[in-house]
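What follows is a single structure, written as structure tokens, with notes after it.
The values are calculated or read from the model by the stated rules, or taken from the named source; none is laboratory data. As the structure is a computational prediction, the values presented were derived from the model and not from experiment. Every residue, glycine as well, gets a Cβ built from its backbone with ideal geometry; the counts of neighbours run over all protein chains shown.
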Amino acid sequence: MKILIVDDHSLVREGLQAILSRSELSAQFFEAWDAASVWDQITRHADLDFVLLDIQLPDCSGLELLTRIVAHRPELPVVMLSADHDSQTVTHALNLGASGFLPKTSVSDVLVSAIRLVMAGGIYVPPEALMKTAMRPSALSSQSAAPVTFESLRFTARQVEVFRLLLQGMSNKQICRKIDLAEATVKIHVRGILRAINVSSRAEAIAKAAQLGLQLPD
């Protein structure tokens, strides 16, 4: 696995490499610290597998750089790194195409697990960011409007079950194993979920759930 670590602080880059080198990921690391070095690495290494991207860079917003990477290399997973992880920023990053959002306060095991999850096709979102949004009234609904629920969206019981796991960032294969369904069946449920909330990707679905204030099922 080839991982590009993007942060303008050399100690952060070295620290992340040290943590990941002690894991079982067997990764080769590349470093970048600004927009120019990012594009140099992406151009030189067409076989990159993963990008850890700081949200604040000296010459460019990490979110702006995320947009450019997604447009240029849509198949390349990008996980944002940030000292802050308020739900609005997390949602915005997911809407722009991030495959995950990792607070810099995360412990090393979370970092490794998040990379594994994203490489398996899932999406990593800090649970506390989603929970904070779920506890806040939806910005898309007026105080007099009925709250958006899975029932009001006409989700079936199975779709609710699949969506609960999707919100945890699980890939289709992981959902299959979790609830003992064929992958083709899970794909059908996921397509129905995306259609019901009017989005086109799993990342957008997670962001939309946060925007709507959908309560995560127990």
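One residue alone among GLU64, GLU31, GLU75 is among the charged types (D, E, K, R), free of Cβ contacts under 8 Å to residues at least 60 places away in the same chain and surrounded by 15 or more Cβ atoms within 10 Å (Cβ to Cβ), and that residue is GLU31.
Annotation: SER26 fulfils all but one of (1) at pLDDT below 90; (2) within 21 Å of the chain's Cα centre (by Cα); (3) closer than 19 Å to MET119 by Cβ; (4) not basic (Lys, Arg); the unmet one is (2).
The rows are residues; the columns are (1) among the charged types (D, E, K, R); (2) within 20 Å of the chain's Cα centre (by Cα); (3) in a loop (DSSP other than H, G, I, E, B).
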position: GLU151; (1), (2), (3): yes, no, yes
position: LEU165; (1), (2), (3): no, yes, no
position: VAL190; (1), (2), (3): no, yes, no
position: ASN198; (1), (2), (3): no, yes, yes
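Contact map, the range 1-23: residues that are over 16 Å from HIS45 (Cβ atoms) paired with residues that are part of a strand (DSSP E or B) and among the polar types (S, T, N, Q), Cβ distance under 8 Å, separation 6+ or inter-chain. Pairs shown: ASP8/GLN56.
Scan the range 177-210 for residues that are of a type in the set (Asp, Glu) and touching a residue at least 60 places away in the same chain (Cβ under 8 Å) and the total you get is 1. Of all positions in the range 143-157, at least one carries a residue that is modelled with pLDDT of 85 or more and surrounded by 11 or more Cβ atoms within 10 Å (Cβ to Cβ).
Within 22 Å of TYR124 (Cβ to Cβ), touching a Lys or Arg at 6+ places or on another chain (Cβ under 9 Å) and β-branched (Val, Ile, Thr) - does that describe any residue in the range 56-69? Checked the range 56-69: no residue is within 22 Å of TYR124 (Cβ to Cβ), touching a Lys or Arg at 6+ places or on another chain (Cβ under 9 Å) and β-branched (Val, Ile, Thr).
Scanning the range 39-61 for residues that are touching a residue at least 40 places away in the same chain (Cβ under 8 Å), surrounded by 13 or more Cβ atoms within 10 Å (Cβ to Cβ) and more than 20 Å from the chain's Cα centre (by Cα) yields a single hit, HIS45. Pairs meeting the criteria (first residue in the range 151-176 and assigned by TED's automatic domain parsing to the domain that holds ARG191 and among the acidic types (Asp, Glu), second residue modelled with pLDDT of 85 or more and not in a loop (DSSP other than H, G, I, E, B), beta carbons under 7 Å, at least 6 apart or on different chains) are GLU161/ILE179. Elements of the type strands (runs of 3 or more DSSP E) sitting completely within the range 1-119 and holding at least 1 residues that are small (Gly, Ala, Ser): these cover 28-32, 78-82, 100-103.
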